[in-house]
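Chemist: Submitted below is the structure of interest, expressed as structure tokens.
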Ligand SMILES: NC(=O)c1ccc[n+]([C@@H]2O[C@H](COP(=O)([O-])OP(=O)(O)OC[C@H]3O[C@@H](n4cnc5c(N)ncnc54)[C@H](O)[C@@H]3O)[C@@H](O)[C@H]2O)c1
């Protein structure tokens, strides 16, 4: 049976592991080729280990195993020119981009001795980095006239007061995840005339190294009050990356052809928790 995304090319940020890797594989399973990037190094304000170049190689291997072609490079979403260079090289190899997933992110919510910088890193990566993604992909999508689908990864923290404290990185996370909803609505409204759809997805805790790691477990035990409001309505602690990947396939395939400007919540009932 043909996939739902045959002959499509998807540009995905933050693909070395976690949700980004899962999205790249799932989109490839549906027939898409992948252009991707990841920073593949530690950001100083982040308390959990970040991926390296080997993780990116593993993503490449898994995408190819799923039947997709992939062009992936190390680049930072804070650097618009570097992103554009990866995009241009990917398009030259694989063709024009139909789908974009702005997924790259960090959770700098525990002090690493660079407290103020944590705010800036959160905003630079998850707000400016998302805008960069849109800036990279939309001019050619408009020029081509064949429409497109763009998905931005927000969070339950972009729909509620979810957060462990008012530490600068935590405030930055919350601000960025709310802020991308505004960017999404603006672009959805302006790009609809070109049949380009733009939506956000809002996961609750996902079982990736960002949220499920020893450092955070230790923090949660030592700061039980901070995590009191955590937990979902449905009886599950963490959802899986594939739950978000499937939501992205829904939004990007024909199934979502008239869905734009929406905030798609995939949160195991976090927002309706009694
Ligand atoms: N894990 C969760 O509980 C959860 C919940 C809601 C939303 N999110 C969001 O989902 C997205 C994916 O996170 P994840 O759970 O897969 O975490 P993850 O840490 O496993 O993956 C994030 C990826 O983004 C990359 N990245 C970070 N900064 C980058 C930069 N400046 N340039 C390029 N790549 C960069 C990382 O290297 C990493 O590979 C993030 O935007 C995150 O905020 C996560």
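Read the figures in this text as sums done on the coordinates, not as results from a lab. All of these numbers come straight from a predicted model, not from anything done at the bench. All Cβ positions, glycine included, derive from the backbone under ideal geometry; neighbour counts span all protein chains shown.
Chemist: Mean-square fluctuation check for the chain, GNM, Cα pairs under 10 Å: which of 233, 157, 102 is largest?
Modeler: Top of the fluctuation ranking is 233.
Chemist: Kirkwood hydrodynamic radius (Cα pairs, Å) of the chain?
Modeler: Mean inverse Cα-Cα distance, inverted, gives 18.5 Å.
Chemist: Measuring from the lowest to the highest alpha carbon on each principal axis, how far does the stretch 173-274 reach, largest first, in angstroms?
Modeler: Reported extents, whole Å, longest axis first: 51, 28, 26.
Chemist: Grab the Cα-Cα distance for residue 193 and residue 111, subtract it from 0.36 nm times how many residues apart they are, and report the gain in nm with one decimal. Mind dumping the intermediate values first?
Modeler: Numbers: separation 82, 0.36 × 82 = 29.52 nm, distance 4.48 nm.
25.0 nm is the gain from fully extending residue 193 to residue 111.
Chemist: Taking 7 Å along the Cα-to-C-beta vector as the label spot, tell me the residue 6-residue 215 distance in nanometres, rounded to one decimal.
Modeler: Label at residue 6, label at residue 215, 4.5 nm between them.
Chemist: Let me ask you something else. Kindly give the semi-axes, whole Å and largest first, of the ellipsoid equivalent to the stretch 43-126, taking each as the square root of 5 times a Cα gyration tensor eigenvalue. Let's see the in-between values first.
Modeler: Details: eigenvalues 162, 51, 20 Å².
So the equivalent ellipsoid measures 28, 16, 10 Å along its semi-axes.
Chemist: What list do you get for 141, 126, 210 if you sort them by fewest beta carbons within 10 Å? Spell out each step's value before the answer.
Modeler: Values: 141 23, 126 29, 210 19.
With the fewest neighbours first, 141, 126, 210 line up as 210, 141, 126.
Chemist: Hey, another quick one. How big is D for the stretch 16-87, in µm² s⁻¹ as a whole number, if Stokes-Einstein is applied with the Kirkwood radius of its Cα pairs at 25 °C and 0.890 mPa s? Let's see the in-between values first.
Modeler: On the way: Rh = 12.5 Å.
Rounded, D is 196 µm²/s.
Chemist: For helix 129-144, report the angle its Cα long axis makes with the longest principal axis of the Cα atoms of the chain; keep it between 0 and 90° and round to the nearest 10°.
Modeler: Helix 129-144 and the main axis of the chain meet at about 10 degrees.
Chemist: Still on this structure, please answer the following. Per the Kirkwood treatment, what hydrodynamic radius in Å, one decimal, follows for the stretch 87-157 from the mean inverse distance over all distinct Cα pairs? Kindly include the intermediate steps, with their values, before the conclusion.
Modeler: On the way: mean 1/r = 0.0716 Å⁻¹.
Final number for the Kirkwood radius of the stretch 87-157 is 14.0 Å.
Chemist: Just need the Rg to Rh number for the stretch 1-43, please, alpha carbons only, Kirkwood Rh.
Modeler: When Rh is taken as the Kirkwood radius, the ratio is 1.06.
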